[in-house]
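Reading through the structure tokens given below for one structure.
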Amino acid sequence: MGDTKDKFNPLDPAGIFKEMRDTSMDAWAKAMVKLVHTDAYSESTGKMLDAWLTSSGPFRKAMENSMSQALANLNLPSLNDVSRLNERLTNIELRLDDLDAKLDAFLTKVGNSGSGD
């Protein structure tokens with residue numbers, strides 16, 4: 001009773017259509033795998049992507065400009081503003097770390113010289 005799914009049942013009215021569908025899907029799948037693995041497909045896909053990237057550049061630039069304008073009108077920071085702030089904070093953090101290390105070295109030196117007298 002286990003393999004009744006794989007056997008063709010002539011009394012099932014939809015069975016013929018299911019079999020045709022499965023055969024058709026298998027054929028399409030094999031054809032698409034062969035197509036996708038060709039050099040011509042790779043080249044044409046590459047050309048389409050290059051064309052899309054080239055044409056989307058001006059649109060992206062226009063969107064960035066309009067977004068910057070909208071953020072400025074709302075008194076909100078832009079990505080560029082946040083990036084600059086991030087750089088400044090990172091710089092401050094590095095300087096504080098350096099000062100902390102120097103302070104630790106100084107305190108260690110003062111502590112060692114005070115206990116040696």
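Using a Gaussian network for the chain with springs between C-alpha atoms less than 10 Å apart, which of these wobbles most: Leu94, Leu53, Leu85?
Leu94
Which residue, Leu35, Leu74, Leu107, tops the fluctuation ranking in a GNM of the chain built on C-alpha contacts under 10 Å?
It is Leu107.
When the convex hull of the C-alpha atoms of segment 77-117 is computed, what volume per residue in Å³ does it have?
Values: hull volume 1.3 nm³, N = 41.
It is 31 Å³ per residue.
Once the piece of chain linking Ile92 and Ala70 is laid out straight, how much longer is it, given 0.36 nm per residue of separation minus the C-alpha distance between them? Please list the in-between numbers first.
Numbers: separation 22, 0.36 × 22 = 7.92 nm, distance 3.01 nm.
Extra length from Ile92 to Ala70 when fully extended: 4.9 nm.
Give me the Debye-computed log₁₀ of I(q)/I(0) at q = 0.11, 0.15 Å⁻¹ for the chain, equal point scatterers on Cα only, no solvent, two decimals.
Relative scattering, expressed as log10 I(q)/I(0), comes to -0.80, -0.94.
How about segment 60-117: which trypsin sites (Lys or Arg not before Pro) there are in a DSSP loop, with at most 14 other Cβ atoms within 10 Å of their Cβ? Display every interim value, and only then the final one.
Working: sites: Arg60, Lys61, Arg84, Arg88, Arg95, Lys102, Lys109; in loops: none.
Answer in residue order: no site qualifies.
Counting Lys and Arg as +1 and Asp and Glu as -1, each charge on the Cβ, what is the dipole of segment 13-76 about the Cα centre in debye, to the nearest 20? Present the calculation step by step, with values, prior to reporting the outcome.
Details: 7 positive and 7 negative charges, 24 e Å.
Dipole magnitude for segment 13-76 comes out near 120 debye.
Specify which residue in the list Asn91, Ala101, Ala31 is farthest towards the positive end of the charge dipole of the chain, using unit charges on the beta carbon of Lys, Arg (+1) and Asp, Glu (-1), about the Cα centre.
It is Ala31, whose Cα lies furthest towards the positive end.
Counting only helical runs of four or more DSSP H residues, what would the 222 nm mean residue ellipticity of the chain come to if each run contributes -39,500 (n - 2.57) and the total is spread over all its residues?
Working: 3 runs with 95 residues, N = 117.
Estimated from H runs of four or more residues: -29500 deg cm²/dmol.
Taking 0.36 nm per residue of sequence separation and subtracting the Cα-Cα distance, how much length would be gained by fully extending the chain between Leu53 and Ser78, in nm to one decimal? Intermediate values should be presented prior to the final figure.
Details: separation 25, 0.36 × 25 = 9.00 nm, distance 2.39 nm.
The Leu53-Ser78 span can extend by a further 6.6 nm.
Bear in mind that the values in this text are calculations on the coordinates, not laboratory data. Keep in mind it's a predicted model, so treat the numbers as computed, not measured. Cβ coordinates were reconstructed from backbone atoms using ideal geometry, including for glycine residues, and neighbour counts include every protein chain displayed.
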